[in-house]
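The structure under discussion appears below in the form of structure tokens.
Just so you know, all these numbers are worked out from the coordinates, no wet-lab data involved. On a predicted model such as this, the values are computed, not experimentally measured, just so you know. Every residue, glycine among them, receives a Cβ derived from its backbone with ideal geometry; neighbour counts consider all protein chains shown.
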Amino acid sequence: MKQSFSIDGKQLSQAEFGRIQTDTSVFVNDNGDISIMGFTKNDNFLLWKDKSNHKTVMNNLNKKIIASQKFEKETNTMAILKHKILQEGISYNMKSLANEMKLELSDLKLLNLATSNSPIEPSILNSVILWEKTNYSGRSLFMLGGAFSYPDFGWFNFKNKANSLFLTLGYLILFDKTWFRGQQRHFVTNVPWTIPNLNGWGIATSSESAIH
């Protein structure tokens, strides 16, 4: 597995990368090779985005952010309730599968089983898990893709608690403020990706909202 680091397009060592403050960081997993890019200004990030293969996905996510922010001033009681029910359902299914397979919830074998790509096996989980501790331990937050978003981790008592990550495929953005504001960390992968320590690259782990 190769790793590369850059700031505003300039290649740097990991140590140099960790000393520079960035507004946006992008982590790309391309078949196991990791590229970590930081951008000190939003304009620099937008220039990279417009030239990248991920432009369409990012534009679609931005549309979902704009649609979601229209509800920021609402009480969102029903949204919170439905998210809670969904979390409980996924958690129950994951625990049931773990018991049947005699595996721990944090076992990566279980995650792979839960996200099977078989045409005859339904997936119990098809997107993202965040854990409050490193090495996939502690409380977890399950995230699904689709039409809805995760504007406030406070709904799940999970503000600034994400320290490890499992991303099946696709694109995830973590924000350090609620309702998709503040510093951004983008994760994009074409293979299942486990990150045991989100702070391992010297990037702050604060996260209060996300979109996938």
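For the chain, report the translational diffusion coefficient in µm²/s to the nearest whole number, using Stokes-Einstein at 20 °C, 1.002 mPa s, and a Kirkwood Rh over Cα pairs.
Stokes-Einstein gives a translational diffusion coefficient of 120 µm²/s.
Over 28 Å between Cα atoms, which of Lys109/Lys133; Lys84/Lys109; Lys2/Lys95; Lys133/Lys177; Lys95/Lys159 qualify?
Lys2/Lys95
Among Ser96, Gly138, Asn42, pick out the residue whose Cα is farthest towards the positive end of the charge dipole of the range 3-211, where Lys and Arg carry +1 and Asp and Glu carry -1 on C-beta, about the Cα centre.
Final value for the positive-end residue is Asn42.
Can you list, largest first and rounded to whole Å, the semi-axes you get for the range 108-212 by taking the square root of 5 times each eigenvalue of its Cα gyration tensor?
After diagonalising the Cα gyration tensor, the semi-axes are 22, 15, 13 Å.
Just tell me which aspartates and glutamates come within less than 17 Å, Cα to Cα, of Lys161; anything on the same chain fewer than 8 places away is out.
Leaving aside aspartates and glutamates fewer than 8 places away in the same chain, those within reach of Lys161 are Glu132, Asp152, Asp176, Glu208.
Relative to the longest principal axis of the chain, what angle (0 to 90°, nearest 10) does the C-alpha long axis of helix 55-69 take?
70
Helix 77-101 versus the longest principal axis of the chain: what angle, 0 to 90°, nearest 10, using Cα atoms?
70
With only Lys, Arg, Asp and Glu charged, each at its Cβ (+1 for the first two, -1 for the last two), find how big the charge dipole of the range 34-85 is about the Cα centre; round to the nearest 20 debye.
For this selection, approximately 140 debye.
I'd like the distance separating the alpha-carbon centroids of the range 177-201 and the range 28-80, in whole Å.
Measuring centre to centre over Cα atoms gives 11 Å.
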